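Engineer: Before anything else, here's the structure in question.
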Amino acid sequence: MKYAIVSVSKTGARLGAKVKAGISGDGTLYERAGSESGQVAVYFKRTMDLITEIFALYDGIIFIMASGIAVRAIASHVVSKASDPAVLVMDECGIHCISLLSGHLGGANAWAREVAAATGAEAVITTATDVHDHKAPDDISRELMMRVEPLQALKPVNSLIAEGKVFAWFLDSEIPDADIIRNKLDKLGIECLDINLLSKADYAGCAVISERSFNISKPHVYLRPKNLYIGIGCKRGTPEKNIYDAFQDCLKKIGACEYQVVSLASVDLKADEKGLLDFARHMNLPIHFYRPEELKIITDEYQLEKSSFVEKTIGVGNVCQSAALMESAKGRTILPKTKYVGVTVAAAMGLSTLSE
């Protein structure tokens, strides 16, 4: 997880450094000039200007300041629960850690608990399903790296769950590796019914895990298993096996399975790369190629890690991660650029095609 910690006081900056030291992920400290912690940090003058610059660059942002300041800073940048970063707010004494935005899909609720555990703060969660200790589809979709559709159905569905009404989960056995999904759900404490019982079971609302769509009269959402896009860069002449091994290690690192991958992507200069084309064909996955100038726009917009050599050679300094984000329609990075023997790989999660 790539995250930012933003503080406006010296006490808050020290707490920010403590938070960064105690949690996982790739964190950057942003400290107001004159109120530094003494740790490596980026200094800024105005909170509003800073958030305008960085809001879309991180998976999560922790504000160490009054919640009102944080709300005003993010207000004009909030777009959708499918794409907004997880946002937490802590007071500078570290007493409370509030999940403010993207509690489920963005993972802010779980992140608040992690930060609280690392600092001794109290995690403040206000999501109705969480306070009633119920499993929400958008929370489960994040755990399984699936896409929720349609997003506008989440509110009525989660309201039913929070009210304690009967909510059913259905799994389509036609999905590849359906048994793997069922086992994952079992570990999350969710009992899934077979899709054949969709019209027979008694429930007030439901979640359906399937690539198909059904005629359902009651409140419902779909969890779409295919939701990952893999970007690949490679040196000329890289063997297919090297690409396959890198791909498998990528999936292992993010805890995903082959069935979740929608497609592959790279730069168009690799459109004739035999090892890459053979890999895509043997995996039965479509692969799309983008022009260097297209990938450069993404690289610059998301401030991705660059290789000066690659940029000088082909015109873009980051192939795999920019290609994954391009292929996922500017989704969310799950695995940033990762280097292997002759290969770089990155993974992105797509956003819902039916947004709010």
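The values are calculated or read from the model by the stated rules, or taken from the named source; none is laboratory data. On a predicted model such as this, the values are computed, not experimentally measured, just so you know. All Cβ positions, even for glycine, are placed from backbone atoms using ideal geometry, and neighbour counts span all protein chains on display. The accessibility values were calculated without ligands, DNA or RNA, using every heavy atom of the protein model including side chains. Shrake-Rupley method; radii C 1.70, N 1.55, O 1.52, S 1.80 Å.
Engineer: Looking only at residues in the stretch 193-213 that are in a loop (DSSP other than H, G, I, E, B) and under 29 Å from the mean Cα position of the chain (by Cα), which one is nearest to residue 172 (Cα to Cα)?
Structural biologist: 210
Engineer: From the list 168, 110, pick out the single residue that is part of a helix (DSSP H, G or I) and buried (at least 16 other Cβ atoms within 10 Å of the Cβ).
Structural biologist: Working: 168 fails: part of a helix (DSSP H, G or I).
After ruling out the rest, the residue left standing is 110.
Engineer: Would you confirm, using the coordinates I've provided, whether residue 142 is open to solvent by 50 Å² or more (accessible area, probe 1.4 Å) and touching a His at 6+ places or on another chain (Cβ under 8 Å)?
Structural biologist: In short, yes.
Here's the yes/no breakdown for (1) under 21 Å from residue 109 (Cβ atoms); (2) in a loop (DSSP other than H, G, I, E, B); (3) touching a Lys or Arg at 6+ places or on another chain (Cβ under 8 Å):
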site	(1), (2), (3)
135	yes, yes, no
164	yes, yes, no
179	no, no, no
185	yes, no, no
191	no, yes, no
215	no, yes, no
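Engineer: Restricting attention to the stretch 315-356, which residues are surrounded by fewer than 18 Cβ atoms within 10 Å (Cβ to Cβ) and more than 24 Å from residue 142 (Cα to Cα)?
Structural biologist: If the condition is that a residue be surrounded by fewer than 18 Cβ atoms within 10 Å (Cβ to Cβ) and more than 24 Å from residue 142 (Cα to Cα), then 315, 339, 340, 341, 342 are the ones that fit.
Engineer: Take the residues in the stretch 313-322 that are modelled with pLDDT of 95 or more and out of contact with any helix residue (DSSP H, G or I) (no Cβ under 6 Å at 6 or more places or on another chain), then tell me which one is farthest from residue 85 (Cα to Cα).
Structural biologist: Per the stated criteria, the residue is 319.
Engineer: Mind checking whether some residue in the stretch 262-272 is among the charged types (D, E, K, R) and over 19 Å from residue 314 (Cβ atoms)? Spell out how you get there, then give the answer.
Structural biologist: Keep residues of the stretch 262-272 that are among the charged types (D, E, K, R), which gives 268, 270, 272.
When the remaining residues are screened for being over 19 Å from residue 314 (Cβ atoms), the result is none.
No, the stretch 262-272 has no match at all.
Engineer: Let me ask another. For the stretch 264-277, how many residues meet the condition of being aliphatic (A, V, I, L, M) and open to solvent by 10 Å² or more (accessible area, probe 1.4 Å)?
Structural biologist: Filtering the stretch 264-277 down to residues aliphatic (A, V, I, L, M) leaves 264-265, 267, 269, 271, 276-277.
Within this subset, residues satisfying the condition of being open to solvent by 10 Å² or more (accessible area, probe 1.4 Å) are 269, 271, 277.
Number satisfying all stated conditions: 3.
Engineer: Let me ask something additional. Could you look through the stretch 299-313, keep only residues that are open to solvent by 40 Å² or more (accessible area, probe 1.4 Å) and hydrophobic (A, V, I, L, M, F, W, C), and pick out the one that is farthest from residue 287 (Cα to Cα)?
Structural biologist: Among residues in the stretch 299-313 that are open to solvent by 40 Å² or more (accessible area, probe 1.4 Å) and hydrophobic (A, V, I, L, M, F, W, C), the one farthest from residue 287 (Cα to Cα) is 309.
Engineer: Go through the stretch 137-170 residue by residue and tally those that are under 13 Å from the mean Cα position of the chain (by Cα) and within 21 Å of residue 215 (Cβ to Cβ).
Structural biologist: 2
Engineer: I'd like the residue in the stretch 245-263 that is open to solvent by less than 10 Å² (accessible area, probe 1.4 Å) and touching a Pro at 6+ places or on another chain (Cβ under 7 Å) and, out of all such residues, is modelled with the highest pLDDT.
Structural biologist: 263
Engineer: Same structure again: Quick check, is residue 37 of a type in the set (S, T, N, Q), open to solvent by less than 40 Å² (accessible area, probe 1.4 Å) and touching a residue at least 12 places away in the same chain (Cβ under 8 Å)?
Structural biologist: It is true that residue 37 is of a type in the set (S, T, N, Q), open to solvent by less than 40 Å² (accessible area, probe 1.4 Å) and touching a residue at least 12 places away in the same chain (Cβ under 8 Å).
Engineer: Taking the stated definitions as given, is residue 264 touching a residue at least 24 places away in the same chain (Cβ under 8 Å) and part of a strand (DSSP E or B)?
Structural biologist: Criteria met by residue 264.
Engineer: Going through the stretch 217-245 one residue at a time, which ones are part of a loop (DSSP other than H, G, I, E, B), hydroxyl-bearing (Ser, Thr, Tyr) and over 30 Å from residue 135 (Cα atoms)?
Structural biologist: 238, the sole residue that qualifies.
Engineer: Quick one: residue 195 ticks every box in (1) open to solvent by less than 80 Å² (accessible area, probe 1.4 Å); (2) in contact with an Asp or Glu (Cβ under 8 Å, 6 or more places away or on another chain); (3) within 30 Å of residue 288 (Cβ to Cβ) except a single one, so which number is it?
Structural biologist: So the condition that residue 195 fails would be (3).
Engineer: Taking into account only those residues within the stretch 41-83 that are free of Cβ contacts under 8 Å to residues at least 40 places away in the same chain and closer than 19 Å to residue 336 by Cβ, which is surrounded by the most Cβ atoms within 10 Å (Cβ to Cβ)?
Structural biologist: 55
Engineer: Also: For the subset of the stretch 246-259 comprising residues that are assigned to a helix (DSSP H, G or I) and within 17 Å of residue 325 (Cβ to Cβ), which member is farthest from the chain's Cα centre (by Cα)? Don't jump to the end; show me each part of the working.
Structural biologist: Start the filter on the stretch 246-259 by keeping residues that are assigned to a helix (DSSP H, G or I), which leaves 246-254, 258-259.
Narrowing further to those that are within 17 Å of residue 325 (Cβ to Cβ): 250, 254.
On the way: 250: 15, 254: 11 Å.
Ranking the qualifying residues of the stretch 246-259, first place goes to 250.
Engineer: Picking from 128, 162, 153, which residue would you name as being touching a His at 6+ places or on another chain (Cβ under 7 Å) and within 27 Å of residue 89 (Cβ to Cβ)?
Structural biologist: Residue meeting the stated conditions: 162.
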